[in-house]
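Undergrad: Below you will find the structure I want to go over with you.
FYI, it's all coordinate maths here, none of it is from the lab. In this text the structure is predicted, and so the values were computed from the model without any measurement. Glycine also receives a Cβ, built like all others from the backbone with ideal geometry; neighbour counts cover every protein chain displayed.
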Amino acid sequence: MPGHAHPEPAAPAAPPDAAPPRLRTEDVSVSFTAKGRPRPVLDGISLTVGQGEIVGVVGRSGTGKTTLLNLLGGILRPDTGRILLDGRPFDRPTDRVITVFQDYGQALLPWRTVRRNVALGVERRLGRAEVAERVARALAMTRLEANADDLPWQLSGGMQQRVQIARALVMEPEVLLLDEPFGALDAMTRAALQDDLLKLQRATGFTVVFITHDVDEAVYVADRVLVLGGAPATVVREVVSGLPRDRDRLDTREAAAFVAARRALADELWGERP
Ligand SMILES: Nc1ncnc2c1ncn2[C@@H]1O[C@H](COP(=O)(O)OP(=O)(O)OP(=O)(O)O)[C@@H](O)[C@H]1O
């Protein structure tokens with residue numbers, strides 16, 4: 001039932017020719033060393049992300065959301081367990097899974113134009129014509145054609161974040177991992193970028209995992225929201241929004257499915273514990 005899908009039920013047996021989930025973590029645990037002692041952060045996390053699915057991750061500050069994203073991106077290796085991409089174990093960065101980090105302002109090279117920032121990931125690997133083509137496509141998808149020759153400081157925060165997303169799109173990834181992608185933006189810019197992301201997903205079919213602190217954003221953008229909680233953290237709850245993909249901002253906020261999913265997440269994050 002939308003909004004009340006409690007921890008992941010056992011997956012139904014897949015037919016033999018079914019495609020594997022795009023991403024899967026199997027019993028993944030991570031510890032960091034703090035003051036000379038191991039400090040477990042993630043504890044036995046098993047989750048799947050389907051092809052073309054949009055999954056949100058919420059949880060209190062410091063629970064391990066970024067750590068989980070780094071695992072999914074092959075940036076961090078788990079201590080135990082494994083990560084699978086299309087059914088194959090992987091534990092190093094790949095062009096198929098691209099992460100957009102939080103500090104977008106600083107991540108752009110200030111001496112490069114928007115076009116050349118976007119080209120960065122492919123310029124040494126592809127021929128000139130293909131680079132130009134890919135960059136043009138990424139700029140069009142992020143509505144940045146008119147700013148192609150601007151320098152980063154000439155752009156607003158929302159535009160800078162769109163450049164970051166264009167930098168990821170130019171790689172033509174199958175999975176986009178976003179760490180609080182719109183956190184630092186004003187409400188209107190944020191709303192516009194949420195809709196951009198939904199549109200982009202429809203256009204490209206890529207799979208998205210994003211972290212947010214904003215419960216409304218989680219429900220509006222995601223098909224399914226995972227709540228990380230506990231220390232060390234596990235997935236303590238999973239909420240399926242049940243919203244249609246082609247969603248409208250105003251109607252959606254009043255939809256029963258939206259309200260129920262938001263309530264379920266708020267209960268989990270801020271409700272009183274017995
Ligand atoms: N490289 C590291 N070395 C040591 N400890 C780390 C490292 N990375 C993260 N941690 C610790 O692991 C815990 C989880 O960090 P993480 O950044 O994944 O949390 P988060 O949920 O993303 O937090 P926030 O919402 O504040 O961004 C924190 O206590 C953090 O201090």
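Undergrad: Under 1.5 on a/c is rounded, so check that first for the range 115-154, then, if it is not, pick prolate when a/b is larger than b/c and oblate when it is not; a ≥ b ≥ c are the square roots of the alpha carbon gyration tensor eigenvalues.
TA: Numbers: a/c = 2.58, a/b = 1.54, b/c = 1.68.
Oblate, since a/c reaches 1.5 and b/c is not below a/b.
Undergrad: Treating only the Cβ of Lys, Arg, Asp and Glu as charged (+1, +1, -1, -1), what charge dipole size does the chain show about its Cα centre? Round to the nearest 20 debye. Write down the numbers at each step before the final one.
TA: Working: 35 positive and 36 negative charges, 144 e Å.
Value, rounded to 20: 700 debye.
Undergrad: Return the ratio Rg/(2.2 N^0.38 Å) for the range 37-166, where Rg is computed over Cα atoms only.
TA: Normalised Rg, Cα atoms only: 1.25.
Undergrad: Can I ask one more? Subtracting the Cα-Cα distance from 0.36 nm times the residue separation, let me have the gained length for Ala19 to Ala184 in nm, one decimal.
TA: Working: separation 165, 0.36 × 165 = 59.40 nm, distance 3.68 nm.
Contour length minus the Cα-Cα distance gives 55.7 nm.
Undergrad: In addition: Under 8 Å for C-alpha pairs, at least 6 residues apart: give me the relative contact order for the chain, rounded to a whole percent. Intermediate results must be reported in sequence, preceding the final value.
TA: Details: 509 pairs, mean separation 74.2, N = 274.
Computed value for the chain: 27 percent relative contact order.
Undergrad: What FRET efficiency do you get for Ala231 and Arg125 if R0 is 30 Å and r is their Cβ-Cβ distance, rounded to the nearest 0.05?
TA: That pair, Ala231 with Arg125, gives E of 0.15.
Undergrad: Round to the nearest 0.05 the FRET efficiency obtained for Ser46 and Ala192 when R0 = 51 Å and r is the Cβ-Cβ distance.
TA: On the way: r = 35 Å, r/R0 = 0.69.
So, using R0 = 51 Å, E works out to roughly 0.90.
Undergrad: Enumerate by residue number the chymotrypsin sites (Phe, Trp or Tyr not before Pro) in the range 65-113 meeting two conditions: DSSP loop (anything except H, G, I, E, B), and at most 13 other Cβ atoms within 10 Å of the site's Cβ. Could the numbers behind the result be given before it?
TA: Numbers: sites: Phe90, Phe101, Tyr104, Trp111; in loops: Phe90, Phe101, Trp111.
Filter output for the range 65-113: Trp111.
Undergrad: Sorting check: for 65-75, 178-188, 241-251, which peptide has the highest mean count of neighbouring beta carbons within 10 Å, and how do the rest follow?
TA: Values: 65-75: 21.5, 178-188: 17.8, 241-251: 13.6.
Ranked from most to least packed, the peptides come out as 65-75, 178-188, 241-251.
Undergrad: Using only Cα atoms, what Kirkwood radius does the range 192-256 have, in angstroms? All intermediate terms of the calculation are to be shown ahead of the outcome.
TA: Working: mean 1/r = 0.0773 Å⁻¹.
Its Kirkwood hydrodynamic radius stands at 12.9 Å.
Undergrad: Let me ask something else. Just to be sure I follow: if Rg is taken over the C-alpha atoms of the range 85-160 and Rh is the Kirkwood radius over the same atoms, what is Rg/Rh?
TA: When Rh is taken as the Kirkwood radius, the ratio is 1.02.
Undergrad: For the chain, what's the radius of gyration and Dmax over Cα atoms, in angstrom?
TA: Cα radius of gyration and Dmax of the chain are 18.9, 62 Å respectively.
Undergrad: Rounded to whole Å and sorted largest first, list the principal axis extents of the Cα atoms in the range 57-112.
TA: 41, 30, 17
Undergrad: Working from the alpha-carbon coordinates of the range 121-191, get Rg over Rh, Rh being the Kirkwood radius. All intermediate terms of the calculation are to be shown ahead of the outcome.
TA: Details: Rg = 12.9 Å, Rh = 13.1 Å.
With Rh from the inverse mean 1/r over Cα pairs, Rg/Rh is 0.98.
Undergrad: Compute the distribution of all C-alpha to C-alpha distances in the range 152-270, in bins of 10 Å from 0, and list the percent of pairs in each, rounded to whole numbers.
TA: All Cα pairs, binned at 10 Å, distribute as 12, 42, 34, 11, 0 percent.
Undergrad: Per residue Cα convex hull volume for the range 93-220, in cubic angstrom?
TA: Values: hull volume 13.2 nm³, N = 128.
Dividing the Cα hull volume of the range 93-220 by its residues yields 103 Å³.
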